[in-house]
Structure formats: C-alpha cells, structure tokens
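The structure under discussion appears below in the form of structure tokens.
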C-alpha cells in the first residue's frame, strides 16, 4: 500500500506556483467571491496551472480552506501581538487598546488576504472545517481576553465589565468593516482611530452638571 501511495504522489503533476502560491491565489478568490463562488478549477485558472496540479499539495477544496482559515487568524493574531509588544512598558490602557484595534484592522483591510478571507467565509464553510479552525481562533480570542483582563485588574476598565462580551463586540464590529470599507474614502489607520475614539470615549457629548 505504501508503494502505491508513493507512486500516486509521484504521478501527480507538481504545481509550478507551489503550495504557498496556490494558497495566496485561493485566499484572494475566497475573499472576493465567498466559499460557494470558488472551485478548484477556478483556483487553478487564476494560478495559471492545471486543476490536477493542485492535488500535489492539497487533497480537496476544504483542505485549502482550512489552511486559509488558520493563516488568516494567525496573521491578525501576530499583527495584534506585535503591536502590543511594541508599546512602551509604561503604556496606558488607551494606548494599548488603540494599538490592538489598529493592528486588527490593518491586518484585515491592508495586510492579509487570508484574514479578510477568513472573516468572509468562516460562516459559509462546512462545520467540520470550522471546528478544525477553532483552536487557532480561540488562541486569538484569548489574546484579547488576557489584555482586557489585565486592564480590568489594573483598574483601567470599569469594574464589573464583562470581558467576553466586550471582546465579542469589539472583534465583531472590527470584522464587519470588511463589508463596507472603501480604501478610496479613507485609510485603515484613520478608521482605526475613529473606532478607538468611539469604543474608548463613547458617542454622547459630556453634559455640564
């Protein structure tokens, strides 16, 4: 049996663009067209290779999707983690949260097709593919929970604040920008500043007492 598998692998045409190239093309397609709008044939055509060449690297469309979902979360996670680490040791809560919000939005809107593809298709893919992505997703959520918990423990956030609900609201609102963001009408950095202002300072004008 091992000899048969080895022979089948050698017989498969090697993709000229490589595994990473296939993933890069697929991420852009899934970002733009959603899960149902992309086939292996469409990925191969966009990559300039024969459809059979994809099987050298991936056994199915869902295997490609699973890799893209993981890479999408890892890209935004790394962007956010690095942004926090780059803050000075004495950085306050506002500086840290602005850095985290900006890093998430930049990864989503400017940096990574994988991150935007993840947001676009996660709810469309089979449950088994979503389940496989959950450990990576949970690790990123834990990064936010740890940051918010530290700020809460330090007295920088309102006492009694529900960290989980706050994180769900923050990430949900940031991810939703993918549906309407237009780079011709403003940058991701400018949008991050606006969102941070609203999250951190609210929308009501201060009333004199």
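Against the test of being outside the structural domain of residue 196 (by TED's automatic domain parsing) and in a helix (DSSP H, G or I), the options 36, 52 yield a single qualifying residue, 52. Restricting attention to the range 64-94, the residues being over 20 Å from residue 116 (Cβ atoms) and either surrounded by fewer than 17 Cβ atoms within 10 Å (Cβ to Cβ) or in contact with a strand residue (DSSP E or B) (Cβ under 6 Å, 6 or more places away or on another chain) (or both) number 9.
Out of 152, 191, 157, one residue alone is under 23 Å from residue 115 (Cβ atoms) and surrounded by 13 or more Cβ atoms within 10 Å (Cβ to Cβ). It is 191. Identify the single condition in (1) in a loop (DSSP other than H, G, I, E, B); (2) touching a helix residue (DSSP H, G or I) at 6+ places or on another chain (Cβ under 6 Å) that residue 155 does not satisfy, given that it satisfies every other one. The single condition residue 155 does not satisfy is (2).
Summed over the range 87-126, residues that are closer than 19 Å to residue 200 by Cβ and either in a loop (DSSP other than H, G, I, E, B) or touching a helix residue (DSSP H, G or I) at 6+ places or on another chain (Cβ under 8 Å) (or both) total 18. When restricted to residues that are more than 15 Å from the chain's Cα centre (by Cα), without any contact (Cβ under 8 Å) to a residue 60 or more places away in the chain and under 18 Å from residue 133 (Cα atoms), the range 37-85 contains 6. If I ask for residues that are surrounded by 11 or more Cβ atoms within 10 Å (Cβ to Cβ) and either over 22 Å from residue 77 (Cα atoms) or free of Cβ contacts under 8 Å to residues at least 60 places away in the same chain (or both), which ones from the range 163-186 would you list? Passing the criteria: 163, 164, 166, 167, 168, 169, 173, 176, 186.
The values are calculated or read from the model by the stated rules, or taken from the named source; none is laboratory data. Owing to the predicted nature of the structure, the values given are computational and were not obtained by experimental measurement. So basically every Cβ, Gly included, is an ideal-geometry build from the backbone, and we count neighbours across all protein chains shown.
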